[in-house]
Amino acid sequence: QVQLVESGGGLVQAGGSLRLSCAASETIFTLITMAWYRQAPGNQREMVAIINRAGDTIYGEFVKGRFTISRDNAKNSLYLQMNSLKSEDTAIYYCNSWPHPRTPWGQGTQVTVSS
């Protein structure tokens, strides 16, 4: 089964930027719609951004133009550029397929935004 490894998180001040990466272990990644999700303490996991094989994108309402999802199918990789970060963006960020996660969740990458 596909394994997903997220990276790029960290501690950043409000207004700062981070770029998250997701590496998939198999080329099936290139054939499916992928998404970034996040889960904050005490909250349910929610969708952040979606990208299909053609590069079409959808974002959660809270993104409001601050994030950009992209993919490099040749590298089996997914990215999330996050700008103008807010304290409410603090969460663990995960990647997986959309709408139904097809592989076990990875460990995610922690994003902490200090106000």
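Computed with a 1.4 Å probe over protein heavy atoms only, the accessible surface of the stretch 1-82 comes to 54 Å² per residue. With 0.36 nm allotted per residue and the present C-alpha distance subtracted, the Phe62-Gln3 stretch has 18.4 nm of extension available. In order along the stretch 79-87, the phi-based Karplus estimate (6.51 cos²θ - 1.76 cosθ + 1.60, θ = phi - 60°) of 3J(HN,Hα) comes to 10, 9, 8, 10, 10, 6, 5, 10, 4 Hz; Gly and Pro are listed as x. For the chain, the equivalent ellipsoid derived from the Cα gyration tensor has semi-axes of 22, 14, 13 Å, listed largest first. Any idea how far the Cα center of the stretch 66-98 sits from the one of the stretch 1-62, in Å? So the separation of the two Cα centres works out to 4 Å. So what's the net charge close to Gly16: Lys and Arg +1, Asp and Glu -1, counting the other residues with Cβ under 15 Å from its Cβ? Local net charge: +1.
Under the criterion of Cα pairs below 8 Å and six or more residues apart, the relative contact order for the chain equals 37 percent.
Sparsely packed loop sites in the stretch 44-76 (the trypsin sites (Lys or Arg not before Pro) outside DSSP H, G, I, E and B with at most 11 other Cβ atoms within 10 Å) comprise Lys64.
Length gained on full extension, Asn83 to Asn52: 9.0 nm, using 0.36 nm per residue less the C-alpha separation. If the segment from Gln44 to Ser115 were pulled out straight at 0.36 nm per residue, it would be longer than the present Cα-Cα gap by 23.3 nm.
The values are calculated or read from the model by the stated rules, or taken from the named source; none is laboratory data. Being a predicted model, the structure only gives us computed values, none of them experimental. Note that we place each Cβ from the backbone using ideal geometry, even for glycine, and neighbour counts take in every protein chain shown. Protein only, heavy atoms only, side chains kept; ligands, DNA and RNA dropped before computing areas. Shrake-Rupley method; radii C 1.70, N 1.55, O 1.52, S 1.80 Å.
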